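The values are calculated or read from the model by the stated rules, or taken from the named source; none is laboratory data. Computed from a prediction, not measured in an experiment: that's the story for all the values here. Every residue, glycine among them, receives a Cβ derived from its backbone with ideal geometry; neighbour counts consider all protein chains shown. These accessible areas exclude ligands, DNA and RNA; they are computed on the full protein's heavy atoms, side chains included. Shrake-Rupley method; radii C 1.70, N 1.55, O 1.52, S 1.80 Å.
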Amino acid sequence: KNPSPFFVIDKEDEDLEYISKKDYEYHSKRFNAEFEDILYSRFGTIGTAKLIATSEPLLASYSIVLVKPNKEMTYPLYLTQALNFWKVKKQAMRMTKGSTNKNFHLTDIKKLKIPLPTLSEQMEIAKILACADEKIQKERRRKERLKTLKRGLMQVLLTGKVRVVVD
């Protein structure tokens, strides 16, 4: 699970699909995603927000709400982090509709109560949280490397390919 608040396009991702320019132009009229907009899930993993940190043209499925922050009032990274705050996610979960296929309606996103300090405070908070996210990511990558090393060692040691000498 990637806790990073940023949405990054991985061009090697096998789930990534390319469409014709004509289709893109047609669909982008409804979904005009731009740099520093926020993608917010309303089906499945309800209440997960990702900041668009790319200028690459992109489209998303109807299960995503596109949030266009008012940059005079909100710092986009702060708003992304606030939308991912457990108290805000809890609000979103309470507002979901449906029994089998739960979903969060577009109109309900405006009802979320989000703490909104001054713009300068938002920038400082976002910077501190981004630093913590970066450290968490580094620790996860380190842990994954150790797991890979252990799997390799187990393969070699437990199959008898290498004998351990005990004195």
Check your understanding: Assigning unit charges at the beta carbon (Lys, Arg +1; Asp, Glu -1) and nothing else, what dipole magnitude in debye, to the nearest 20, does the chain show about its Cα centre?
Key -> 840
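When 1/r is averaged over all different Cα pairs and the result inverted, which Kirkwood radius in Å belongs to the chain?
18.8
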Review point. Considering only protein heavy atoms and a 1.4 Å probe, what is the carbon-and-sulfur percentage of the accessible area of segment 1-137?
Key: 57
Review point. Of the chain, which part is the longest with no chymotrypsin sites (Phe, Trp or Tyr not before Pro) in a loop (DSSP not H, G, I, E, B) and with at most 11 other C-beta atoms within 10 angstrom?
Key: 63-167
Point to revise | Residues Met93 and His27, FRET efficiency given R0 of 35 Å [Cβ-Cβ distance, rounded to 0.05] | key: 0.75
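Across segment 75-140, how large is the tail of the calculated P(r) beyond 15 Å, expressed as a percent of all Cα pairs?
Summing the P(r) tail past 15 Å for segment 75-140 gives 61 percent.
For segment 58-167, which GluC sites (Glu not before Pro) are both in a DSSP coil and crowded by at most 14 other Cβ atoms within 10 Å?
Values: sites: Glu72, Glu121, Glu124, Glu134, Glu139, Glu144; in loops: Glu72.
When the GluC sites (Glu not before Pro) of segment 58-167 are filtered for loop state and at most 14 Cβ neighbours within 10 Å, Glu72 remain.
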Revision key, fill the gap. Per the helix-only model, the chain has a calculated mean residue ellipticity at 222 nm (DSSP H runs of ≥4, -39500 (n - 2.57) each, divided over all residues, rounded to the nearest 500) of -13000 deg cm²/dmol
Point to revise | segment 77-108 versus segment 134-167: alpha-carbon centroid distance in Å | key: 39
Review point. Mean separation of Cα pairs under 8 Å and 6+ residues apart, divided by the residue count of the chain: what relative contact order is that in percent?
Key: 20
**Study point:** Accessible solvent surface per residue of segment 81-167, calculated while the other protein chains remain in place, 1.4 angstrom probe, Å²
**Key:** 82
Check your understanding: Looking at the chain, which longest stretch skips every one of the trypsin sites (Lys or Arg not before Pro) that is in a DSSP loop with at most 14 other Cβ atoms within 10 Å, leaving the sites themselves out?
Key -> 114-160
